[in-house]
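Below you'll find the structure, written out as structure tokens, and then a few comments.
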Amino acid sequence: LPLLERLEKRIIEGELNGLEDDLEAAMREKDPLAIINENLLAGMKVVGELFGSGQMQLPFVLQSAEVMKTAVAYLEPYMEKDDSGGKGKLLLATVKGDVHDIGKNLVDIIVSNNGYDVVNIGIKQPINAILDAADEHKVDAIGMSGLLVKSTVIMKDNLKEMNARGVADKYPVLLGGAALTRTYVENDLDEVYDGDVRYAKDAFEGLRLMDHVMA
Ligand code: B1M
């Protein structure tokens, strides 16, 4: 297989052996972000389809996720960056009950490589923990990620809780993750939240939204 197709296949098959050599070679053809966006994410997409249709079992999905994470960690130091911080501060969390963090961590990389400080508090975070960390670190915006359909409901509850605590004006909210749709966030959730809530399709839209928040 040609190199870039082989990388995609590595994600699908969860094959770590020789990954770094392939990534090294791929970086001679294109930049690290393009490798992630065009090849590695293409592999994860196939994994999602195979899993969703019952053709792939969970342990194999886990292996694919490991290869994805290893690859991203390997490529990250080679990315172009302005990691000086100081443009603003974003809190990132995957919501309560949800363990998916590959997308959230990509958002972390893209946003922090573009001049922002990111406080990434990890997965399965209840709203209390999110708001405590937001206050503690005096962030400018809160980003929540979730991939399960039930996470979209949790996000709605979180926004209601933020209204109830009177912090909606203080914290613009960025939402992302595969289970969300733009319509759900921009219509349904926008109606729920007293503050500003926006949808980010991908990590770059997350960055653009941060630029908007800080403008
Ligand atoms: Co899970 N999983 N999974 N899984 N998994 C999905 C989400 C699923 C759609 C697969 C499927 O059925 N086709 C399905 C959800 C179905 C539903 O809710 N209706 C599912 C399921 C069912 C489950 C379990 C329940 C399975 C089980 O146990 N029986 C379980 C859930 C456990 C839990 O959370 N409590 C589970 C577990 C796992 C693994 C642990 C094996 C692994 C996660 C490993 C990890 O993250 N550390 C895993 C994986 C890998 C997936 C799929 C295959 C791939 C997800 C992924 O990493 N994609 C996924 C299929 C899919 O999404 N279609 C699936 C790549 C990633 C870069 O994309 O996170 O969408 P994504 O992020 C994008 C954008 O969405 C956006 O930017 C990113 C890139 O630009 N974005 C943001 C994301 N967050 C953002 C935040 C922002 C801005 C943008 O601002 C705040």
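None of the figures in this text is laboratory data; all of them are computed from the coordinates on show. Quick caveat: nothing in here was measured; it's all calculated off a predicted structure. All Cβ positions, even for glycine, are placed from backbone atoms using ideal geometry, and neighbour counts span all protein chains on display.
Some points to look at:
- Given charges at beta-carbon only (K, R positive; D, E negative), |dipole| of segment 79-119 in Debye: 160
- Angle of helix 58-75 to the longest C-alpha principal axis of the chain, folded into 0 to 90 degrees and rounded to 10: 90°.
- Listed residue (212, 195, 162) projecting farthest to the positive dipole end of segment 148-215, Cβ model: 162
- Overall form of segment 2-95 per C-alpha gyration tensor (a/c, 1.5; a/b vs b/c): oblate
- When DSSP beta bridges are restricted to pairs lying wholly in the chain, around 0% turn out antiparallel.
- Inverse mean reciprocal Cα-Cα distance (Kirkwood Rh) of segment 84-144, Å: 11.4
- In a fully extended conformation the segment linking residue 62 and residue 183 would gain 40.5 nm over its present Cα-Cα distance, using 0.36 nm per residue.
- Taking a ≥ b ≥ c as the square roots of the eigenvalues of the Cα gyration tensor, an a/c ratio of 1.5 or more together with a/b no larger than b/c marks segment 53-128 as oblate.
- Summing Cβ point charges (Lys, Arg +1; Asp, Glu -1) relative to the Cα centre of the chain gives a dipole of roughly 420 debye.
- Dipole magnitude for segment 157-215: computed about the Cα centre from +1 point charges on Lys and Arg Cβ and -1 point charges on Asp and Glu Cβ, it is near 160 debye.
- Working note: Cα gyration tensor of segment 155-215, eigenvalues times five, square-rooted, sorted largest first, giving semi-axes of 18, 15, 8 Å.
- Counting only alpha carbon atoms, the long axis of helix 203-214 and the longest principal axis of the chain meet at about 30°.
- Solution diffusion estimate, µm²/s, Stokes-Einstein, the chain, Kirkwood Rh from C-alpha pairs, 10 °C, viscosity 1.306 mPa s: 89
- Cα-based shape type of segment 123-177, given that a ≥ b ≥ c are square roots of the gyration tensor eigenvalues and the cut on a/c is 1.5: prolate
- Compared with the dominant Cα axis of the chain, that is its longest principal axis, helix 3-13 is turned about 70°.
- Among the listed pairs 138/170; 124/156; 87/160, a Cα-Cα separation exceeding 19 Å is found for 87/160.
- Extents of segment 1-41, taken as max minus min of Cα coordinates on every principal axis and listed largest first, are 23, 19, 16 Å.
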